[in-house]
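Asker: One structure coming up, written as structure tokens, with questions to follow.
The values are calculated or read from the model by the stated rules, or taken from the named source; none is laboratory data. Note that the coordinates shown come from a computational prediction; the quantities given were computed from them, not determined experimentally. Cβ placement follows ideal geometry from the backbone for every residue including glycine, while neighbour counts extend to all protein chains displayed. Just the protein is used for accessible areas: all its heavy atoms, side chains included, with ligands, DNA and RNA removed. Shrake-Rupley method; radii C 1.70, N 1.55, O 1.52, S 1.80 Å.
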Amino acid sequence: MSLPFAEPYKIKMVESIHRSTLKERTQWIKDANYNLFNLLSNQVYIDLLTDSGTGAMSDKQWSAIMSGDESYAGSRSYTELKDAVADIFGMPFFLPTHQGRAAENVLFSALVKENDIVPGNAHFDTTKGHIEFRKAQAIDCTIAAAYDTHIDHPFKGNLDLEKLEQVITEHGAKNIPFIVVTITCNTAGGLPVSIENMKEVKQLAEKHNIPVLIDSARFAENAYFIKERESGYKDITIIEIIREMFSYADMMTISAKKDGIVNIGGFIGMKDEDVFKKSTVFNILFEGFITYGGMAGRDMAALAQGLYESTDYHYLESRIKQVAYLGSLLSDAGVPVQKPFGGHAIFLNALEFLPNIKREEYPAQTLAIELYKEAGIRGVEIGTIMADRDPVSRTNRYPNLELVRLAIPRRVYTNNHMNYIAAAAIRVWERKDEIKRGYEITEEAPIMRHFTVKLRPLS
Ligand code: F0G
């Protein structure tokens, strides 16, 4: 018998979390206007709202925090991070930012103008927000299989090359500042993009002289899936796979709060000095001087270390298999979950879970609230509320799927927590027929409404 996988770390520090009663949770979610973002963390037992900035840093990262260099200009920690970015991603030019959306803000200020078209696999909401804010348009070119939760495709994050070529022909390359490849594709369920697809996208982009941007938040998880699933990569190391992935890109933005395993941070990596020079102006304006951007020296030092830790195969294996463990517990009990399982989260298919709830009554939000009430677990709606209104018609945009994302923080919860989460979701599944009505919006912001939306239950 071969030995099973196990975490390549042990726990040095713990934080208490508290269970609550149904009565308390019913009141708290009402006080939060049925928006899970408004809950206080001590009202949540297991927090699966996001895997962003919620990971546990290692002893080596904490050591780096203590030895970080806080010089305004020319910090040693900046150089450490710059060297790590050049080494891992092959990006010689680099600007630190305070998180992923700040990297988008800076880079898009330099490159995106009104009426531009930015095709890609399903854009993350801040990416789309930064495109639409500049009165440009994001076009989703993800393969159709991504939107069928029952199709078992190894790389559902892939771009549909025909669709992409069609967009280029229709709108003209000169109106396309770059193509975005999001790895793993968060919006499509944390599912990976294959090396082959990245290569083909780059070839097509080169033919039309369009740069490729990798939105890289979960770059290491994407590399793990390539190693496990793509032919020819079994014996290639994770870091070598990462280097090949980024050889098919001209620039990258990253939220370092995911695979960087830090609580805050991000950066832009670039191969073209002109893009770097243009972006520098906006970085200084919005973020900070080029050698710290929006980050403290200690945070840059911890990130340089975290980027390398993320490329450890045994860490990635334990991480991705923990997510799959939760997915299997749910799936074996008949709970409708997106398949194959993604790298950072399990997605409940709310249209199948709560067929009684109409799209206009936000089934995924309804399900997220039920799961919170059931057991104090906080997930997040990835459905109509997050999809926002169409910027022109102002009507609700109904995405292909209504999902509840259960994002698993890195190195934080044990498999006992996974057992608890699965038991809670199965209990909601068993009483699904009693859930007959959803919610209506009473207040919302004009853009990115899901963070602050207020809701009222319908009866
Ligand atoms: N791109 C992707 C693919 C993301 O998943 C995120 C954030 C961002 C960009 C923006 O980065 O939050 O550092 O500004 N995703 C988080 C999530 C919020 O919960 O999935 P940020």
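Asker: Can you tell me which residue is surrounded by the most Cβ atoms within 10 Å (Cβ to Cβ) among those in the stretch 1-51 that are out of contact with any strand residue (DSSP E or B) (no Cβ under 7 Å at 6 or more places or on another chain) and of a type in the set (Val, Ile, Thr)?
Answerer: For the stretch 1-51, the residue satisfying everything is Ile29.
Asker: Still on this structure, please answer the following. Could you list, in sequence order, the residues of the stretch 330-340 that are away from the ligand (no atom under 16 Å from the Cβ) and either part of a loop (DSSP other than H, G, I, E, B) or closer than 18 Å to Arg378 by Cα (or both)?
Answerer: Leu330, Ala333, Gly334, Val335, Pro336, Val337, Lys339, Pro340
Asker: Please find, within the stretch 385-412, the residue that is most open to solvent (accessible area, probe 1.4 Å) out of those that are within 16 Å of the ligand (Cβ to nearest atom) and assigned to a loop (DSSP other than H, G, I, E, B).
Answerer: Top of the filtered list is Val412.
Asker: Does Met251 satisfy the criteria of being in contact with a Lys or Arg (Cβ under 7 Å, 6 or more places away or on another chain), within 16 Å of the ligand (Cβ to nearest atom), over 24 Å from Pro4 (Cβ atoms) and touching a residue at least 12 places away in the same chain (Cβ under 8 Å)?
Answerer: Here the answer is yes, as Met251 does meet what is asked.
Residue by residue, here is whether (1) touching a residue at least 60 places away in the same chain (Cβ under 8 Å); (2) within 10 Å of Gly120 (Cα to Cα) holds:
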residue: Asp160; (1), (2): no, yes
residue: Ile176; (1), (2): yes, no
residue: Asn197; (1), (2): no, no
residue: Leu204; (1), (2): no, no
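Asker: Of Lys135, Lys128, Lys156, which residue is charged (D, E, K, R), part of a loop (DSSP other than H, G, I, E, B) and crowded, with 22+ Cβ neighbours inside 10 Å?
Answerer: Result of the check over Lys135, Lys128, Lys156: Lys156.
Asker: Still on this structure, please answer the following. Residue under question is His98, and the condition is that it be within 16 Å of the ligand (Cβ to nearest atom), buried (at least 18 other Cβ atoms within 10 Å of the Cβ) and more than 22 Å from Phe289 (Cα to Cα); does it hold? Full working, then the answer.
Answerer: On the way: within 16 Å of the ligand (Cβ to nearest atom): yes; buried (at least 18 other Cβ atoms within 10 Å of the Cβ): yes; more than 22 Å from Phe289 (Cα to Cα): no.
Taking the combined requirement at face value, the residue does not satisfy it.
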